[in-house]
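Have a look at the structure below, then the notes.
The values are calculated or read from the model by the stated rules, or taken from the named source; none is laboratory data. Note that the structure is predicted; figures quoted are calculated from it, not measured. Please note: Cβ atoms are built from the backbone with ideal geometry, for glycine as well, and neighbour counts cover all protein chains shown. What goes into the accessible areas is simple: the full protein's heavy atoms, side chains included, and nothing from ligands, DNA or RNA. Shrake-Rupley method; radii C 1.70, N 1.55, O 1.52, S 1.80 Å.
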Amino acid sequence: MKEILVDFRDGRFVDVMAPLSTCAISEYFAAQDIILCEGQHAEAGLEACDWISEIGSRLERGYVLTIDYVIPRPTSLTITTCAARCSPIKNHRASEDFYASPGEQDLTAHVNFTALESWGRRSGLETAGCTSQTAFLLALGQGNEFADLYDEGQTEADRTKARLQLKTLIHPEGMGERFQVFIQRKGGVPGPLTGLGGI
């Protein structure tokens, strides 16, 4: 296995193949039973694993909610087969040219919830559930017909704006299904959570 580093040569950024800088990269894939074949690329989210390990070690009792784009285990294997790493985003469009517009495009990566689950378990977190942002928010709001959406004394225009913002968050073709809510817990907290009521 090799690590891809970035260098600046002849006025442009380029990939440079190098030996692994840390054995944690090999452990990351081995812990998830991921075997890469010749020519495949995959992202090792080591900082996310460190982050969830730190939270798990500090949390005595409570919940951890992680909300983001997600690659569950079966999809992550498919994506690594397609040689995906993080994706540059410019003008709301993904590209594979990571160095085309330095400083003008965002680099984004999906969160590997399988890794968060595995490293969280090592520090005492147990998985409470995983659901779409749509299902999570709908489950939270149905009990009181979304009364918490509004502040006391809001104008009808403000209430309409709040409803439109909620629609953006739950719309299945928008953020609602693209974002997932992954919930872990520690310390014997009661369950199930209202937001997981639909699963």
- Can you tell which of Gly195, Gly124, Gly176 is part of a loop (DSSP other than H, G, I, E, B) and touching a Ser or Thr at 6+ places or on another chain (Cβ under 8 Å)? Gly124
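Which one is farthest from Pro190 (Cα to Cα), of the residues in the stretch 68-78 that are open to solvent by less than 50 Å² (accessible area, probe 1.4 Å) and modelled with pLDDT under 80?
So the residue we want is Ser76.
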- Would you check which residues across the stretch 1-12 are within 21 Å of Glu96 (Cα to Cα) and either of a type in the set (S, T, N, Q) or open to solvent by 80 Å² or more (accessible area, probe 1.4 Å) (or both) and list them? Lys2, Val6, Phe8, Arg9, Asp10, Arg12
- Task: Find the residue count for the stretch 1-14, including only residues that are in contact (Cβ under 8 Å) with a residue 24 or more places away in the chain and not aliphatic (A, V, I, L, M).
- Result: 2
- Query: Inside the stretch 144-170, can you point out the residues that are open to solvent by less than 80 Å² (accessible area, probe 1.4 Å), within 20 Å of Thr194 (Cα to Cα) and either at pLDDT below 85 or not in a helix (DSSP H, G or I) (or both)?
  - Reply: Asn144, Phe146, Ala147, Leu149, Tyr150
- Task: For the stretch 25-67, enumerate the residues that are open to solvent by 50 Å² or more (accessible area, probe 1.4 Å) and touching a Gly at 6+ places or on another chain (Cβ under 6 Å).
- Result: Glu60, Arg61
- Residue check, Glu117 touching a Ser or Thr at 6+ places or on another chain (Cβ under 8 Å) and at pLDDT 70 or above: yes
